[in-house]
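Undergrad: Structure incoming, see below.
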Amino acid sequence: MRFDVVTIFPAMVQQAAGAGIVGRAIEGRLLTVAVHDLRDFTTDRHRVVDDVPYGGGPGMVLKPEPLFRALDTIEQIGEGRPTVLLTSPQGTPLTQPVVERLSRQPWLVLLCGRYEGVDERVRTRVDEEVSIGDYVLSGGELPALVIIDAVARLVPGVVGDEQSVAEDSFGRGLLDFPHYTRPAEIATSASREPLRVPDVLLSGNHAEIRRWRKREALARTLERRPDLLEHGELDAEEQKLLRELKLPKP
Ligand code: 4HQ
């Protein structure tokens with residue numbers, strides 16, 4: 001899969017994309033991330049990318065022509081047309097189903113806005129606006145990196161353990177269950193109880209462990225994100241566990 005990112009902070013995007021699991025996938029040629037400096041597509045001596053808004057008001061707007069030239073150049077690279085995304089608070093909220101849909105595209109272009117936003121006419125070249133959440137950032141670089149990270153994990157081979165991707169939180173539409181590692185017990189101060197790993201996880205009873213994890217994932221989801229249970233992709237066992245969790249405590 002290929003990502004092309006257009007930004008006024010190419011070093012920031014290059015740095016972050018080169019780290020961790022995504023960085024390893026780039027080295028392994030599973031992914032290509034090409035970062036383009038928007039200023040390289042200006043034609044004036046001072047490489048100006050922004051201008052004042054028509055109609056007045058505070059802040060600056062990204063000029064359209066450098067973005068159009070960047071897109072013209074990028075679209076020459078491959079055969080076929082890339083899917084062009086603009087990161088913006090007005091966009092489609094980024095959820096795991098949206099991430100899955102984007103991961104089926106072979107080629108994404110991410111336009112990173114800055115300042116108050118981009119000239120509205122740039123949207124004629126954008127296939128979809130994507131928002132990473134209802135808060136205001138100072139630029140689209142972090143959203144672009146979030147999109148790349150979430151999408152890249154679904155490209156076969158990027159995450160070593162395919163099992164972990166399939167079972168991940170949201171992969172199943174529920175919050176994750178609690179995780180523990182050694183030691184099985186941690187002594188704390190004299191007045192406090194030792195912190196123990198739940199016995200079931202040490203039992204070796206894998207059917208029990210699976211049920212416990214399901215119950216914990218459901219209990220957490222019910223407690224913290226009941227909205228996630230509304231769409232209901234629960235199997236029969238999960239529906240039963242959920243009914244039990246909702247019963248008043250005896
Ligand atoms: N931006 N999700 C870029 C965001 C944002 C978000 C603010 C995008 C500023 C210029 N993007 N503009 N939230 O806050 O995607």
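Undergrad: Taking only the stretch 130-176 into account, find how many residues are in a loop (DSSP other than H, G, I, E, B) and away from the ligand (no atom under 16 Å from the Cβ). Give the derivation first.
TA: Quick first cut of the stretch 130-176, residues in a loop (DSSP other than H, G, I, E, B) only: 132-138, 140, 153-161, 168-176.
The next check asks that each one be away from the ligand (no atom under 16 Å from the Cβ); those that pass are 153-161, 168-176.
Of the residues in that region, 18 qualify.
Undergrad: Output yes when any residue across the stretch 104-125 is more than 13 Å from the ligand (Cβ to nearest atom), assigned to a loop (DSSP other than H, G, I, E, B), in contact (Cβ under 8 Å) with a residue 12 or more places away in the chain and not charged (D, E, K, R), and no when none is.
TA: Yes, the conditions are met somewhere in the stretch 104-125.
Undergrad: Could you grab me the full set of residues in the stretch 177-187 that are assigned to a loop (DSSP other than H, G, I, E, B) and within 37 Å of the chain's Cα centre (by Cα)?
TA: Of all residues in the stretch 177-187, those assigned to a loop (DSSP other than H, G, I, E, B) come to 177-184, 187.
Within the stretch 177-187, Phe177, Pro178, His179, Tyr180, Thr181, Arg182, Pro183, Ala184 qualify.
Residue-by-condition table, conditions (1) among the hydrophobic types (A, V, I, L, M, F, W, C); (2) within 16 Å of the ligand (Cβ to nearest atom):
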{"residue": "Ile8", "(1), (2)": "yes, yes"}
{"residue": "Met12", "(1), (2)": "yes, yes"}
{"residue": "Arg24", "(1), (2)": "no, no"}
{"residue": "Tyr54", "(1), (2)": "no, no"}
{"residue": "Leu71", "(1), (2)": "yes, no"}
{"residue": "Ile77", "(1), (2)": "yes, no"}
{"residue": "Leu86", "(1), (2)": "yes, yes"}
{"residue": "Thr95", "(1), (2)": "no, yes"}
{"residue": "Arg101", "(1), (2)": "no, no"}
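All of the numbers you see were taken from the coordinates with simple rules; none came from a lab. No experiment lies behind these values; they were computed from the predicted model shown. Every residue, glycine as well, gets a Cβ built from its backbone with ideal geometry; the counts of neighbours run over all protein chains shown.
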